[in-house]
Structure formats: C-alpha cells, structure tokens
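Notes to accompany the following structure.
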Amino acid sequence: MHVAVLLYPGCIFFEIALAAETLAGRCTLSYYTPDGEPHRASNGATLVPAGGLSALKSASLQAVLVPGGDPRSLMLPVPRASEALRAQAAAGALVAGICAGNLVMAGAGLLVGRRGTHNYTAEHAPPEKVAATRHFWDGMQFVRADLVQDGRLITAQPWAYRQYAAAVARTLGVLDEREARDLETYVTRRSCGDGPGPAEA
C-alpha cells in the first residue's frame, strides 16, 4: 500500500503527523512537494520528496494526505495541486484533508456535490479569510463537524487530528475498528490522575 503526503511551503506537519506515524510501519509513505525539491517542515526536519506535482499525479497510490497551514503557495494565483488531486481521486485513492488541506481539496473541485467540513467560518476565521475563500465552497454540503467522510474523501478540522488519523487508517484497513477507536480516544482515556499509582499497580 502506497500513501502520499502533499507538502508545501507554509503547511503544518503536526496536523498529519499522527496519521503518518500510524501508517508508516504498515505501508509505504512518500512525500511530494510542488516542485519536487526537499521540504523544510514546520517541525524543523528536512524531508526529501519522491517528486513534484506531476509525479504525484501519475503515482499509483491508495491515499493522499493534505495538511493545512498557509496554503497560499499552492492556491495562488491558481490552485496548483488540482490536476494531481483530481487524478488520484478519479483513480480511487482516498484524499484526506485537514484544516487548510480542505481548501486545497475544494480548490481542486473535489468537494462539489459532496459533504464536508472546514474552519473558514465566522467562528474560526477572520472576516477577510471567510470572504476570500467563500467561492471555493460553492456546491459543497457543509457539515458542522470535527470530521466528515464522504466516500473516499475526508475533511477534518485542525483540532481533530486524532480522528483524522483514525479515519484514514480505518478506511485503508490499516487499523480495525477497535484499534481505530483506541487511537481516537487515547488522550481521553489516559491521565496521571486515573487508575492505580505506582505503589498500587
């Protein structure tokens, strides 16, 4: 199984880090950048890509993960990743965006006629960003939710990175339902104040 992560200047690696970590031991994980050049990630690591957008378009993939952040490098003056994402979606790959990754998917036209979520709304974004991105959501059925899956498309809010990782892994068959639920709920089931202390264990 081959999964791609689309990296771009301004993206936030943290948002897809848990998904990448979960998938890495069970499938081939490759990174792609707009120009095929190495990417200096938001966590300071330098990642060497498998190629650029043309390579992403033609790769044989089961999924493409699209992180959020500041997508202007991909979206302006035109959405640069659209052709590659449309080709992968048409080939049956899961396309999963989180935060501004949803905007990249919308810019590719993948969300027209589909259910999805995003945080370019009045309660989460300044008015100028809401206005500037409004046309990208035309034709999408907006769902006020942490994560929405519509077939082979996933859109997630930035704070839903655990649900995102679980949904991607579950859809790809990397985790079963119990394992996916455990990944999703790990932090709500663990704390230093729960359970027996060292002397009681």
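Note that the range 1-90 carries a Kirkwood radius of 13.0 Å, evaluated over its alpha carbons pair by pair.
Its relative contact order, with pairs defined as Cα atoms under 8 Å and 6+ residues apart, puts the chain at 19 percent.
Semi-axes of the equivalent ellipsoid for the range 110-201, computed as √(5λ) from the eigenvalues of its C-alpha gyration tensor and ordered from largest down, come to 34, 19, 7 Å. Comparing Cα centroids, the range 131-188 and the range 35-113 end up 16 angstrom apart. Potential lengthening of the chain between residue 28 and residue 83 amounts to 17.5 nm, from the contour at 0.36 nm per residue minus the alpha-carbon distance. Over the chain, what percent of the accessible surface lies on carbon and sulfur atoms, probe 1.4 Å? The computed percentage sits at 53. Secondary-structure-derived ellipticity at 222 nm for the chain, considering helices only, amounts to -9500 deg cm²/dmol, per-run term -39500 (n - 2.57) for DSSP H runs with n ≥ 4. With all projection directions averaged, the alpha carbon convex hull of the chain covers 12.7 nm².
Relative to the longest principal axis of the Cα atoms of the chain, the long axis of helix 161-171 makes an angle of roughly 80 degrees.
Taking all Cα-Cα distances within the range 32-80, those exceeding 17 Å account for 40%.
The values are calculated or read from the model by the stated rules, or taken from the named source; none is laboratory data. All figures in this text were calculated on a predicted structure; none of them were measured in a lab. The area values use the complete protein model at the heavy-atom level, side chains included, leaving out ligands, DNA and RNA. Shrake-Rupley method; radii C 1.70, N 1.55, O 1.52, S 1.80 Å.
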